[in-house]
Amino acid sequence: MIVVSVLLKLLGVGFLCIAGIGVMRLADPFQRMHAATKAGTLGAGLVILGSVISHGATDATVMGLLTIVFLLLTVPVAGHLLGRASYMSGARLSLRGDDALAGVLERSDRSLDERLAWLPAGTGAHGADAAQLRPAPSPKRHDLPAPRPAPVVSLPAIETVRFAVIQGQVPAVAARACAIARRLRSDLSAHVIIDTAAFECAADPASARQLIRERASEAIRDMRACMEGSGGEAALNYDEGDPERLLASSEPGRVLLVLPCEGWFHHQVEVRRDQTTWDPDGLLRLPMVHRGPVLFVSPDAPVPGQGTIVVRDRGEAHLPALLEWALAGDLWQASHIVHVGRGAADRREEVEAIARRFGCSFESRAVNTDDCSIPDDIRRPRAVILGQAPRPLRTSWFGSHWRRRISPDVPCEVLLMEAPG
């Protein structure tokens, strides 16, 4: 019996080694999953069976056999579900023949890593030839030759629109992001994030985690209802961790991030224990890590349509390019551009040239401050464009909302982008 037990264990270890090599060496997630589930289950089962034979006790035999049955019942099901999720998310698929699931299951044309900008397009989960297989993007006004030299900083066309799903702030953000993505025919992704720092600062981390997850589930339901109402569809991304890391982007301009003007990824659950310093207030820090345009949407903003766009110039070199990028991407149907700046550091001439090129009337206003405020007599602009976020980077500062630093009564959208670096 000892010899049989040793042989079974050695055979099982051999299958486990094969499974490990397969996970490291096979070409795509589906082949690696096959190695992990088939060879791994067989190897683990043989090791357990050898242990049962060597032990010999009744209780050990029952426990070992139940463990083998549990493996045989659960691992294939888990492998099937993981394979289905990988296929639908666009994971790399190495085939020598046709894809039998084409037209049966909906499949993303780009992998999750590419959609989250973790890998450059064409080098990610679809392999090196993916960029050649993907149809070329339709020409947009970004590609039209300009009568003037290009600005100091140029931004590429929008490829992906991301929006944050935060409890209590979903409808306006989701509807706006869906409208932009539909107009530009770009990818749309919804990001449901839970800031794990909220758990660490809670008096009862377990109950805080459960409550925040419930609120996040409510936000997902609101988002899906909004998507159904608008006829759009978004790839859903759920993560728990640091929102600044999860929403970071490496290619300025290709990804537009749409955020609410308030709220955070603890989904408005107040579970912080006394005498802690963590404050769930980081929306204005996200443009620092996103490295691209960020559109702050307000539920009380004017409905999309023609209107006035205010460019608040504080000498940022990339501000004209951001304005041109927004107009070329049809974020708004602008009819009038107001440039607000001071001194020789502003870029009024470039802003005026861009306004004329897009058929907008132009107005220049001088101010004597270096902050992000605009004149009070500019009534209900459609949007304000900033070259950097208002400082300090706090949504609420001594009880005053951050938009009041722009104007006391401006219920408009705010497009901002920190200087590329």
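The figures follow:
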read-out	value
Length gained when the stretch D300-R342 is fully extended (0.36 nm per residue, less Cα-Cα span)	12.1 nm
Sparse-neighbourhood loop sites, trypsin sites (Lys or Arg not before Pro) in the range 1-105 - DSSP loop, at most 11 other Cβ within 10 angstrom	R96
Computed magnitude of the charge dipole of the range 156-292 (debye, nearest 20; Cβ of K, R +1, Cβ of D, E -1)	540
Spatial separation of Cα centroids for the range 1-79 and the range 166-204, in angstrom	42
Extended-chain gain in nm, criterion 0.36 nm per residue less alpha-carbon gap, A27 and F398	128.0 nm
Inter-site label distance for V6 and V77 at 7 Å from Cα along Cβ, in nm	3.9
Rounded to whole Å, sorted largest first: equivalent-ellipsoid semi-axes of the range 156-292, Cα gyration tensor	27, 17, 10
Length released on extending from L246 to R107, taking residue separation times 0.36 nm less the Cα-Cα span	47.7 nm
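Since every read-out is calculated from the coordinates, none of them should be taken as a lab result. Please read these numbers as outputs of a predicted model, since none were measured by experiment. Counting neighbours? That spans all protein chains shown, and the Cβs are built from the backbone with ideal geometry, glycine included.
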